[in-house]
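Student: Could you have a look at this structure, given as structure tokens, before my questions?
The values are calculated or read from the model by the stated rules, or taken from the named source; none is laboratory data. Values in this document were obtained by computation on a predicted structure and should not be read as measured data. Every residue, glycine as well, gets a Cβ built from its backbone with ideal geometry; the counts of neighbours run over all protein chains shown. All accessible areas refer to the heavy atoms of the entire protein, side chains included, with ligands and DNA or RNA removed. Shrake-Rupley method; radii C 1.70, N 1.55, O 1.52, S 1.80 Å.
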Amino acid sequence: RKVSEGGGIKIITDFLAVPREVIVVESGLELLVEMIKNSTEISEQLQRCGGVQFVLSLIRGKPRSSTVQAAGCRILRALATLPSHSIELMAKETVKAILSMMKSHRNNSRVQLESSRALLQICTLSPSLTESLDLSIHSSIRDGIFSK
């Protein structure tokens with residue numbers, strides 16, 4: 001809480017916005033996960049720093065890191081529960097990123113678990129998204145993620 005009160009969320013997001021080594025990004029995201037855990041107030045601070053877009057950029061920037069992918073999903077899940085539903089504005093883009101992540105890390109149970117949780121949270125909070133998903137996303141789930 002002390003870190004967030006001192007502007008820590010903004011400092012961390014600014015620091016991670018510049019291309020960094022994967023270990024730095026992994027550590028930074030894990031720190032953010034711990035900071036926002038059970039705190040709507042701190043999650044809202046991350047949201048004000050561009051939360052969803054910020055996380056998506058890190059996920060896309062470090063696609064091979066299962067730690068970045070799993071931590072990113074945990075953060076997206078937390079942001080989806082905010083009263084402002086900030087993730088709804090980028091829901092389709094977020095779902096596509098999550099599905100891509102699931103396909104790329106199909107043998108990593110941690111990524112599969114966290115991405116499934118994030119996907120479920122987003123689709124639960126945004127029923128219109130579930131109805132409007134195009135067939136390519138449905139076939140991606142059926143053919144890409146769960147096939148061996």
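Student: If N38 meets every condition in (1) closer than 23 Å to M90 by Cβ; (2) in a loop (DSSP other than H, G, I, E, B); (3) among the polar types (S, T, N, Q) apart from one, which number is that one?
Tutor: (1)
Student: Kindly indicate whether T40 is modelled with pLDDT under 90, among the hydroxyl-bearing types (S, T, Y), within 18 Å of C123 (Cβ to Cβ) and open to solvent by 60 Å² or more (accessible area, probe 1.4 Å).
Tutor: So T40 fails the test.
Student: Within the stretch 48-59, track down each residue that is assigned to a helix (DSSP H, G or I) and over 20 Å from L120 (Cβ atoms).
Tutor: Passing the criteria: R48, Q53, F54, S57, L58.
Student: If you don't mind, another one. In the stretch 51-65, which residues are of a type outside the set (S, T, Y) and open to solvent by 30 Å² or more (accessible area, probe 1.4 Å)?
Tutor: Q53, R60, G61, K62, P63, R64, listed by residue number.
Student: So I75 ticks every box in (1) closer than 24 Å to L113 by Cβ; (2) open to solvent by less than 80 Å² (accessible area, probe 1.4 Å); (3) part of a loop (DSSP other than H, G, I, E, B) but one. Which box is left unticked?
Tutor: It is condition (3) that I75 fails.
Student: Taking Q45 and the conditions (1) outside any helix (DSSP H, G or I); (2) open to solvent by 10 Å² or more (accessible area, probe 1.4 Å), which numbered condition does it fall short on, given that it satisfies the others?
Tutor: With respect to (1) outside any helix (DSSP H, G or I); (2) open to solvent by 10 Å² or more (accessible area, probe 1.4 Å), Q45 is out only on (1).
Student: Let me ask something else about it. Among (1) in contact with an Asp or Glu (Cβ under 8 Å, 6 or more places away or on another chain); (2) open to solvent by 40 Å² or more (accessible area, probe 1.4 Å), which single condition is V68 missing?
Tutor: All conditions are met except number (2).
Student: Could you tell me whether the stretch 60-69 includes any residue that is in contact with a His (Cβ under 9 Å, 6 or more places away or on another chain) and assigned to a helix (DSSP H, G or I)?
Tutor: Checked against the condition, which is being in contact with a His (Cβ under 9 Å, 6 or more places away or on another chain) and assigned to a helix (DSSP H, G or I), the stretch 60-69 yields at least one hit.
Student: Among the candidates A78, A71, A17, A97, single out the residue that is small (G, A, S) and closer than 15 Å to L125 by Cβ.
Tutor: Only one candidate passes the filter, namely A78.
Student: Looking at the stretch 95-107 only, could you name the residues that are outside any helix (DSSP H, G or I) and more than 12 Å from P63 (Cβ to Cβ)?
Tutor: R106, N107
Student: Answer yes if at least one residue in the stretch 18-27 is open to solvent by less than 50 Å² (accessible area, probe 1.4 Å), charged (D, E, K, R), part of a helix (DSSP H, G or I) and in contact with a helix residue (DSSP H, G or I) (Cβ under 7 Å, 6 or more places away or on another chain), and no otherwise.
Tutor: yes
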